[in-house]
Every structure is written in structure tokens, then in C-alpha cells.
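Novice: The structure under discussion is supplied below as C-alpha cells; questions concerning it will follow.
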Amino acid sequence: AKGSGKLERVEAIMRDIDLNTAKILAIGEDRQGNIWLGCQSKGLVVLPRHQPQFASWSFSAQHYFINSTITSVCRGDRDITWCTVQGSGVFGFDNTGHIVAHPSAPSAAELIYRDRRGNYWLGTGEALYAYNPLTGRSQQQARFVCDKLNCIVDDGQGNLYISTYSRGFWIYNT
């Protein structure tokens, strides 16, 4: 119940994905309030706020034969949701689950984030980039020495808070 402070495990099996045992590496929310889960080697799962348009899909079902470990998900404009796929870059998909974009991106991009000002950011194990997924253009903003950037959040005032794998916590003022 809302406000109860109770932690509850989601017990669900959806098509070929068992959320009870899935390795969920990324969580995102779209403008309609749907929750998206990026799963290791399983693709995306949507937990719909309303009746679903689609529940989950895989890259291979759309003739993309790649490693389908989703490492991040973020909302875009015009009903596009962006994700990064380990070893394969950035993909955009529409609200019916079809891949509609695969823009160029820096090598080893594993994190895409959209800040409160509407700017996109890409992270690798070596750098943070300002990014435009519509054009595929990127510009390096900061360098890191770590295995990967895990997560980014921002305060809406130009500060990105960045967690890294094995190299701590950083603040980048844009």
C-alpha cells in the first residue's frame, strides 16, 4: 500500500522473462508513467501504467542479431525511448516496440541519460559525452578511468551526479 514503507518483491513471469530471477541492469520511466526494465541477455520489459501496447521484445525478433544486454534506458521526444546495448551502441524504439533508430555513438557506450534540461549524455568506461541521438553527434566532456559509468542523475541546475564502477562518485558541472 502507498506510504506503508513496506518493501515488496514483484513476482512475475512475462513471456520468456522470469522477473523473479532476471538480472535487471537498468530501470527507466517514460512520459506515460510506464516502467521499463533493461535485462541482461533478455532485452526490454515494460511494466505498463495502463493497458500495454506491447509487453516485451527482443532484438533478434526484429532481425538484429546482437548481444541484447540493455545497460540503460531513457525517455526521448516524439514517443521514442532510447537505450544502450552492451557492445552495440544506442537504439531508439517507438511505443509499439519497433526499433526506429540506431544512431552512431562513441565506442563502448553503455549509458544514455537525459537530464532535466533535455540534454542527452553518453557514458563509457573512459569518458562522458554530450550527445544528440537524432544526429549521432557526440562531444567528449570529461574523462574517466573506470570499468564503466553506472548511473547518472541531475539536479536540474547543471550538475550531473555520476556513479562509476570501482572508481567512486563524481559531480560534473555542465
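Novice: Over the range 88-174, what percent of the accessible surface lies on carbon and sulfur atoms, probe 1.4 Å? Don't skip to the answer; put the middle values down first.
Specialist: On the way: 2090 of 4520 Å².
Result for the range 88-174: 46 percent of the exposed heavy-atom area is carbon or sulfur.
Novice: Using the Karplus curve 6.51 cos²θ - 1.76 cosθ + 1.60 with θ = phi - 60°, what ³J(HN,Hα) values do you get for each residue of the range 151-156, in whole Hz, with x for Gly and Pro?
Specialist: These are the phi-based 3J(HN,Hα) values: 7, 10, 9, 9, 9, x Hz.
Novice: Output ³J(HN,Hα) for the range 77-86: one whole-Hz value per residue in order, computed from phi by the Karplus curve 6.51 cos²θ - 1.76 cosθ + 1.60 with θ = phi - 60°, and x for Gly and Pro.
Specialist: Coupling constants for the range 77-86: 8, 6, 6, 9, 10, 9, 9, 10, 10, 3 Hz.
Novice: Let me know the longest stretch in the chain that avoids all chymotrypsin sites (Phe, Trp or Tyr not before Pro) found in a DSSP loop with at most 14 other C-beta atoms within 10 Å. Write down the numbers at each step before the final one.
Specialist: Details: sites that count: Phe54, Tyr64, Phe65, Tyr165.
So the longest stretch without any such site is 66-164.
Novice: Let me ask you something else. At a Förster distance of 30 Å, what's the computed FRET efficiency of Asp18 paired with Ala101, Cβ-Cβ distance as r, to 0.05?
Specialist: Approximately 0.50, to the nearest 0.05.
Novice: With every protein chain present, what is the per residue accessible area of the chain (1.4 Å probe, Å²)?
Specialist: On a per-residue basis, the chain sits at 58 Å².
Novice: Quick query: amide H of Asn34 versus all other amide H atoms, modeled in the peptide plane; which residues come in under 5 Å with a sequence gap of 5 or more or a different chain?
Specialist: Arg49
Novice: Scan the range 41-144 for trypsin sites (Lys or Arg not before Pro) in coil per DSSP, keeping those whose Cβ has at most 14 other Cβ atoms within 10 Å, and list them by number.
Specialist: Working: sites: Lys42, Arg49, Arg75, Arg78, Arg114, Arg116, Arg117, Arg137, Arg143; in loops: Lys42, Arg49, Arg78, Arg116, Arg117.
When the trypsin sites (Lys or Arg not before Pro) of the range 41-144 are filtered for loop state and at most 14 Cβ neighbours within 10 Å, Arg49, Arg78, Arg116, Arg117 remain.
Novice: Treating the beta-carbon of each Lys and Arg as +1 and of each Asp and Glu as -1, no other charges, what is the dipole magnitude of the chain about its Cα centre, to the nearest 20 debye? Could the numbers behind the result be given before it?
Specialist: Working: 17 positive and 15 negative charges, 37 e Å.
So the dipole magnitude of the chain works out to roughly 180 debye.
The values are calculated or read from the model by the stated rules, or taken from the named source; none is laboratory data. These numbers were taken from a predicted model, which means no experiment stands behind them. Neighbour counts run over all protein chains shown; Cβ positions are idealised from the backbone, glycine included. With ligands, DNA and RNA removed, areas are computed over all heavy atoms of the protein, side chains included. Shrake-Rupley method; radii C 1.70, N 1.55, O 1.52, S 1.80 Å.
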